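Some notes on the structure that comes next.
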Amino acid sequence: MATRYLYLARHGEASPNESDLTENGRRQAVLLGKRLQGIPISAIHHGPLPRATQTARLIGEYLDGVPLHVSEVAGDYVPYFPGKEELSPDFADFLLRFLDQFTPEERRKGPALAREALERFSGPVDGDETRHELVVTHNFLIGWLVRAAQDAPEWRWIGLNQCNAALTAIRYTPGRPASVLFYNDMGHLPLELRWTGFPPELRM
């Protein structure tokens, strides 16, 4: 087995109907692509929605010859629905009200995709060569994978928020626990392009 470096990026800022990236979103994607130059990324995985697809394509323009793979597993879904007994009484009702907006189909499909995402994207890789992979995805899946890397409770993907085109990296080394190298890093973005997609009350 060999080490895997998994890079996770939320898509760029989307238009109000989420059918396209805004001009800021396109700038964010380009700057992220430039930041990733020099990293030996072997594949770009991305969700099927337009905002993720367009972000991945713009990033790919700066990573010569790196193939793009569209994947439902890298899409936008709720990865886990906790029961009330798993949550603190201090915030259980608040979180469960938030999750009530999702349909029975989303409740069935999301956790199955999340389990597949862990199998596909996390852990060391077969062989003896280090692998670097990028996943261009959405807020919830990044929270889910970071939660898993930290061995936190399954419900704890909630509250892990990502900014548009921010970068997170996780290292999976054989015989060692997973390591979150950096999280929600916006160092490649100028101030005017930071914090989009983030709850306003949490922006800094």
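The values are calculated or read from the model by the stated rules, or taken from the named source; none is laboratory data. Source: prediction; values computed, not measured. Note: ideal-geometry Cβ built from the backbone for every residue, glycine included; neighbour counts use all protein chains shown. Surface areas here come from the heavy atoms of the whole protein model, side chains and all, with no ligands, DNA or RNA. Shrake-Rupley method; radii C 1.70, N 1.55, O 1.52, S 1.80 Å.
Taking a ≥ b ≥ c as the square roots of the eigenvalues of the Cα gyration tensor, an a/c ratio of 1.5 or more together with a/b no larger than b/c marks region 81-199 as oblate. Only Cα pairs under 8 Å and 6+ residues apart enter the sum, and on that basis the relative contact order of the chain stands at 32 percent. Accessible area per residue for the chain, computed on protein heavy atoms with a 1.4 Å probe, is 49 Å². Is region 18-128 best put as rounded, prolate or oblate by its Cα gyration tensor, with a ≥ b ≥ c the root eigenvalues, rounded for a/c under 1.5, and otherwise prolate when a/b is larger than b/c, oblate when not? Here region 18-128 falls in the prolate category. Within the chain, helices built from complete DSSP H runs that reach 18 Å or longer along their own axis (Cα positions) and carry a mean Kyte-Doolittle hydropathy of -1.0 or higher are 23-36.
Once you sort the root eigenvalues of the Cα gyration tensor of region 34-95 as a ≥ b ≥ c, which label holds: rounded (a/c under 1.5), prolate (a/b larger than b/c) or oblate (the other case)?
Prolate shape, in that a/c is at least 1.5 and a/b is the bigger ratio.
Assigning unit charges at the beta carbon (Lys, Arg +1; Asp, Glu -1) and nothing else, what dipole magnitude in debye, to the nearest 20, does the chain show about its Cα centre?
It works out to roughly 320 debye.
Only bridges whose two residues both fall in the chain count here: according to DSSP, what percent of them are antiparallel, nearest 5? Around 45 percent antiparallel, to the nearest 5.
Answer with a single label: of (i) 16.9; (ii) 17.4; (iii) 18.3, which was calculated as Kirkwood radius over Cα pairs in Å from the structure in view? From the options (i) 16.9; (ii) 17.4; (iii) 18.3, the structure gives (ii).
Atom-type composition of the exposed protein surface of region 1-129 places 49 percent of the accessible area on carbon and sulfur (1.4 angstrom probe).
By average Cβ neighbour count within 10 Å, what is the ranking of 42-49, 190-197, 68-75 from highest down?
In decreasing order of mean packing, 42-49, 190-197, 68-75 become 42-49, 68-75, 190-197.
Rounded to the nearest 500, the helix-only mean residue ellipticity at 222 nm of the chain stands at -9500 deg cm²/dmol, with each DSSP H run of n ≥ 4 adding -39,500 (n - 2.57).
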